[in-house]
Amino acid sequence: MTKRFETDVVIIGGGATGTGIMRDCALRGIPCILIEKSDLASGTTGRNHGLLHSGARYAVKDQHSARECINENKILRRIAKHCVEDSQGLFISLPEDGLDYQSELLASCQQAGIDAQALSKQQALMLEPNANPQLIGAVQVPDGTLDPFRLTASNALDAIEHGARLLTRTQVTGLIQEQERVIGVECLCLNSGEKIAVYAKEVINAAGIWGQQLCEYADLNVTMFPAKGSLLILDYRINNVVLNRCRAPADADILVPGDTISLIGTTSEEIGYDQIDNLHVTPDEVDVLIEEGCKLAPIMRNTRVLRAYAGVRPLVSIGGDSSGRDISRGIVLLDHAERDGLSGFNTITGGKLMTYRLMAEQATDLVAKKLGVSTPCTTDTRPLPGSNAQQPNKRHTASIAKPIYASACHRHGERAADFLGQNTDDETLVCECEMVTKGEIRYAINQLHVDTITDLRRRTRLGMGPCQGELCAYRAAGLFSELGHGKHHASHLLHRFLEERWKGIKPVFWGDAQREAEFTYWIYEGLMGISDFASEPQPSSFPQHNEQEA
């Protein structure tokens, strides 16, 4: 029997853009349901370096994108304070780069309205002491860092609190059509195997690079351009300012600090569309990332690489470009009623993490107009949950260590009051690297739509620090068991988490990373015999979709 839902708008894709549309619809009073085949931010949204672009990177070649970036940069600093770190950014020129591009960058930034200032070598090194001391010039820009997991979860949380509905681990298997109109989507719940039909007045395809497959359900010709980008995660934060190479965009020219670690990326490689679900970081890419990264910050040569991952840029092929670098990063909004004569179906793609809110506004404007809704967008002024001005009252007790309190507020803003200091058991530390407590994990499992330990990692950063979940994953599995998931279920969750972590370690399996991985294997296989868990049948409600990690 097929379960049936009815709503006004169905959104396909739980990345930043999809959840942004979900929130925008909910705030305008438009009933909506978001459908995601895995977890929130498990696709391209969670597989980049989390850079809060100032737009300077695009200023020389794409003024339009540069202006979009600086405008959204200013908005996100206001509405998503708990997701943003104002680290600032430097474009450094090395002797092999020369200074010609610096002059061009400064002029282009001024034209786009980006506050860019030339710094002397001494000024740049005072701002970021780990920058390459051989630099011959630098430009300071208002870059920063942006946590994509926190951003996506906050959009979803606000939407749900305003009446929207979220269906994760639910895969769209077809479009329901009536003559020349799409009237809903057919889905499959990947946990239960139940078939679901969701009827809606408008369907928005916000599935990023996977959007081409959805268009094919209606025989629509939308060709995505899959360009893979690979990154490396370093075992601690080696820079506090975003470091860019001051040259035309190339491989491995951005080093971004993010919470307790730093990331170097990206590469750019054209891949076949049939490879978008099977990404691998190659040894050549690892070599390029390390070699070029060391030019930005020589300290990186003595830094352990924790893991590698890759994502696919959701670009639309509109010309003859074959490198992936010269294709516009602009927003593409397709009204298939106008473009293809198919009503009720719309596609939003292209763009970038920085412009997710603007993409959501444009897509929601389109469907609101079709539905006769005149309520304006308010997402540019309304803070996300966690970014309101009030912070939880600090308890005057020695039981909550300052780093724990600060980390919780940093990740959840005023919502940290929901779990801080509730009782002494909640204050028990589970993840020492990221200062995650039992209370925060309970909060995430109960209120932030967490099904697996990997979901938990995206909501809390558990297991994202230097030890990569060596023991905190085991403790988290125990909490899943305590909260009613059962020991058998929790054991499978732990096994899956470790398998996914291993995928990211394989490309950098040498030296300290190898020793760390062998230690992990000894604990979980030699001491606990975890492979025995995998040989037992999975619980009937166990999340079935293969997870991807960043």
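State in Å² the accessible area per residue of the chain; use a 1.4 Å probe, count heavy atoms of protein chains only, and round to the nearest integer.
Working: 21730 Å² over 550 residues.
Normalised by residue count, the accessible surface of the chain is 40 Å².
Computed in the context of the full set of protein chains, the accessible area of the chain at 1.4 Å probe radius has 49% of its extent on carbon or sulfur.
Classify the chain as rounded, prolate or oblate from the Cα gyration tensor: take a ≥ b ≥ c as the square roots of its eigenvalues, call it rounded if a/c is under 1.5, otherwise prolate when a/b beats b/c and oblate if not. Judged from the Cα gyration tensor, the chain comes out rounded (a/c under 1.5). Measuring only protein heavy atoms, the 1.4 Å probe finds Trp510 accessible over about 120 Å².
With contacts taken as Cα pairs under 8 Å at a separation of at least 6 residues, the stretch 108-196 carries a relative contact order of 16 percent.
Compute the length gained on full extension between Trp502 and Asp100: take 0.36 nm times their separation in residues and subtract their Cα-Cα distance, giving the result in nm to one decimal.
140.4 nm
Among His336, His64, His410, the order of accessible area from largest down is His64, His410, His336, computed with a 1.4 Å probe on protein heavy atoms. Using a 4.7 Å Cβ-Cβ cutoff, the cysteines of the chain lacking any partner cysteine are Cys69, Cys83, Cys109, Cys187, Cys189, Cys215, Cys246, Cys294, Cys377, Cys409, Cys433, Cys467. Model label sites at Leu483 and Gln275, defined 7 Å from Cα along the beta-carbon direction, differ in position by 3.8 nm.
The label point for Asn446 and the one for Ala389, both projected 7 Å from the Cα toward the Cβ, are 3.0 nm apart.
Stretch Glu178-Gln122 to full length: gain in nm at 0.36 nm per residue minus the Cα-Cα span?
Numbers: separation 56, 0.36 × 56 = 20.16 nm, distance 6.70 nm.
Contour length minus the Cα-Cα distance gives 13.5 nm.
Quick check on my link table: of Lys37/Lys352; Lys121/Lys295; Lys74/Lys402; Lys37/Lys74; Lys81/Lys352, which ones sit more than 23 Å apart, alpha carbon to alpha carbon? Walk me through the numbers on the way to the answer.
Numbers: Lys37/Lys352 21 Å; Lys121/Lys295 15 Å; Lys74/Lys402 30 Å; Lys37/Lys74 32 Å; Lys81/Lys352 19 Å.
Check vs 23 Å cut-off fails for Lys74/Lys402; Lys37/Lys74.
So for Glu525, Glu178, Glu499, Glu128, what's the accessible-area order with a 1.4 Å probe, most first?
On the way: Glu525 50, Glu178 115, Glu499 95, Glu128 5 Å².
Ranking Glu525, Glu178, Glu499, Glu128 by accessible area, largest first, yields Glu178, Glu499, Glu525, Glu128.
What is the local net charge at Glu216, summed over the other residues whose Cβ is closer than 14 Å to its Cβ (Lys, Arg +1; Asp, Glu -1)?
Spelling it out: positives minus negatives among the neighbours equals -3.
Under the simplified labelling scheme, the Ile136-Ala250 pair shows an inter-label distance of 1.4 nm, with each label point 7 Å from Cα along Cα→Cβ. Report the paramagnetic label zone for Ser192: residues of the stretch 143-176 whose backbone N is under 20 Å from a point 7 Å from Cα along the Cα-to-Cβ axis. Only 164-174 fall inside the zone, counting backbone N under 20 Å.
The GluC sites (Glu not before Pro) of the stretch 18-125 meeting both criteria, a DSSP state outside H, G, I, E and B (loop) and at most 10 other C-beta atoms within 10 angstrom of the site's C-beta, are Glu96.
Accessible-area rank, largest first, for Lys402, Lys438: Lys402, Lys438, with all protein chains present and a 1.4 angstrom probe. Accessible area per residue was computed with a 1.4 Å probe on protein heavy atoms; Tyr521 scores about 150 Å².
As a length-normalised measure over Cα pairs under 8 Å and 6 or more apart, the relative contact order of the chain settles at 17 percent.
If R₀ is 35 angstrom, what is the calculated FRET efficiency for the pair Lys369 and Lys61, using the beta carbon separation as r and rounding to 0.05? Write out the running numbers ahead of the final one.
Working: r = 33 Å, r/R0 = 0.93.
That pair, Lys369 with Lys61, gives E of 0.60.
Need one word for the stretch 373-502: rounded, prolate or oblate. Basis is the Cα gyration tensor (sqrt eigenvalues a ≥ b ≥ c); a/c below 1.5 gives rounded, then a/b vs b/c decides. Oblate, since a/c reaches 1.5 and b/c is not below a/b.
The values are calculated or read from the model by the stated rules, or taken from the named source; none is laboratory data. Only a predicted model underlies this, so the values are computations on that prediction, with no experimental measurement involved. A quick note on method: Cβ atoms are made from the backbone with ideal geometry, for glycine too, and the neighbour counts reach across all protein chains shown. Heads up: the accessible areas ignore ligands, DNA and RNA and are worked out on the full protein's heavy atoms, side chains in. Shrake-Rupley method; radii C 1.70, N 1.55, O 1.52, S 1.80 Å.
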